[in-house]
């Protein structure tokens, strides 16, 4: 008994550890006005009762190599759906290995852009789908009629076109091909953690990513890369503040207007860490270098290494996840 009393007297109570205060909640309302909310689930055309049939057809056409002269290229050749919609090359090899002047941008979330192509020469994904098939450097088909003839010769396409365009006197047309591919592409979305953040989940981004977001905003990047897609909604001159060396005239090729020289559609930054190389010519391999150059040429700023690292940390949070079943080759 005496031993027990002595032991109790000699015991030193554990000091109380003060509770760790919770991290202050992120004020997401600071960003919702800039980025306008999370990605929509799709950019479907409203009120189309045949949209599912068009998507089924469009998916098959997206992977169809007979849309190229040599039967070796499809939409997926340059815009690989299992590689974030790009092929990872500065410019893509087309018919007989020819290469164009511009980088092939990702097809993911492209239907949400205000125009298509770097120079905006197509108003939507349906119009865009028509271009590469007939481009002599890309898929090189000689005419719309030849495309229709090839598809008409394949028995599997007759019921698919008929289901997608019921009542049409001739369901297999070039316009219908483009409409079906467009319907498929309108659901190529990549929701991710940034969307959960914009929807109100302050824990969806790490502290470092939120800090990078603040650096992104305070540095002025949002002057061009704002909205749900962080881009894809305007044209900007490449080299707004400091001239950027490029022989590409950009939108001037389309409009003929000298004031449009070196004007390009601002790319979306969704999945940007997965869609290099960067810029319209694909000449920049490193995202860090792309951030530095944008600061210099578009903002007139020399970003510090810490600022570059912080911005890239935020950009990593823009990676999303496509629906694996949706993009699977038929």
Just to be sure, is residue 120 free of Cβ contacts under 8 Å to residues at least 40 places away in the same chain and either surrounded by 15 or more Cβ atoms within 10 Å (Cβ to Cβ) or part of a loop (DSSP other than H, G, I, E, B) (or both)? no
Working only within the range 95-117, note down all residues that are surrounded by fewer than 22 Cβ atoms within 10 Å (Cβ to Cβ) and not in a helix (DSSP H, G or I). 98, 99, 100, 101, 102, 114, 115, 117
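Give me a count of the residues in the range 159-169 that are closer than 15 Å to residue 50 by Cα and either part of a loop (DSSP other than H, G, I, E, B) or within 24 Å of the chain's Cα centre (by Cα) (or both). Please lay out each step first, then the result.
First, the residues of the range 159-169 that are closer than 15 Å to residue 50 by Cα: 159-168.
Remaining after also requiring either part of a loop (DSSP other than H, G, I, E, B) or within 24 Å of the chain's Cα centre (by Cα) (or both): 165-168.
Result for the range 159-169: 4.
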Among the candidates 57, 7, 61, single out the residue that is farther than 27 Å from residue 199 by Cβ, at pLDDT below 95 and not in a loop (DSSP other than H, G, I, E, B). 7
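Table: residues versus (1) buried (at least 22 other Cβ atoms within 10 Å of the Cβ); (2) at pLDDT 95 or above; (3) more than 18 Å from residue 39 (Cα to Cα).
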residue: 183; (1), (2), (3): yes, yes, no
residue: 188; (1), (2), (3): yes, yes, no
residue: 197; (1), (2), (3): yes, yes, no
residue: 201; (1), (2), (3): no, yes, no
residue: 207; (1), (2), (3): no, yes, yes
residue: 226; (1), (2), (3): no, yes, no
residue: 241; (1), (2), (3): no, yes, yes
residue: 245; (1), (2), (3): no, yes, yes
Within the range 75-93, which residues are within 17 Å of residue 184 (Cβ to Cβ), without any contact (Cβ under 8 Å) to a residue 40 or more places away in the chain and outside any helix (DSSP H, G or I)? 79, 80
Note on the range 266-278: residues in contact with a strand residue (DSSP E or B) (Cβ under 9 Å, 6 or more places away or on another chain) and either surrounded by fewer than 21 Cβ atoms within 10 Å (Cβ to Cβ) or modelled with pLDDT under 95 (or both) are 276, 277
Residue satisfying condition, being over 25 Å from residue 84 (Cα atoms), at pLDDT 95 or above, in contact with a strand residue (DSSP E or B) (Cβ under 7 Å, 6 or more places away or on another chain) and surrounded by fewer than 21 Cβ atoms within 10 Å (Cβ to Cβ), within set 301, 237: 237
Test set (1) surrounded by fewer than 16 Cβ atoms within 10 Å (Cβ to Cβ); (2) not assigned by TED's automatic domain parsing to the domain that holds residue 145 - residue 35 fails condition number: (1)
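Please work out if residue 172 is buried (at least 19 other Cβ atoms within 10 Å of the Cβ), over 20 Å from residue 316 (Cβ atoms), within 20 Å of the chain's Cα centre (by Cα) and in the same structural domain as residue 118 (by TED's automatic domain parsing).
Details: buried (at least 19 other Cβ atoms within 10 Å of the Cβ): yes; over 20 Å from residue 316 (Cβ atoms): yes; within 20 Å of the chain's Cα centre (by Cα): no; in the same structural domain as residue 118 (by TED's automatic domain parsing): yes.
Here the answer is no, as residue 172 does not meet what is asked.
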Please state which of the following conditions residue 66 fails to meet, knowing it meets all the rest: (1) in a helix (DSSP H, G or I); (2) touching a strand residue (DSSP E or B) at 6+ places or on another chain (Cβ under 8 Å); (3) surrounded by fewer than 22 Cβ atoms within 10 Å (Cβ to Cβ). (2)
Selection count where residues are touching a helix residue (DSSP H, G or I) at 6+ places or on another chain (Cβ under 8 Å) and either within 14 Å of residue 273 (Cβ to Cβ) or modelled with pLDDT under 95 (or both), scope the range 289-298: 1
Any residue at all in the range 309-321 that is closer than 30 Å to residue 53 by Cβ and either at pLDDT 95 or above or in a loop (DSSP other than H, G, I, E, B) (or both)? yes
Would you confirm whether or not the range 45-53 contains a residue that is closer than 30 Å to residue 214 by Cα and surrounded by 15 or more Cβ atoms within 10 Å (Cβ to Cβ)? no
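The values are calculated or read from the model by the stated rules, or taken from the named source; none is laboratory data. Source: prediction; values computed, not measured. Backbone-built Cβ (ideal geometry, glycine too); neighbour counts: all protein chains shown.
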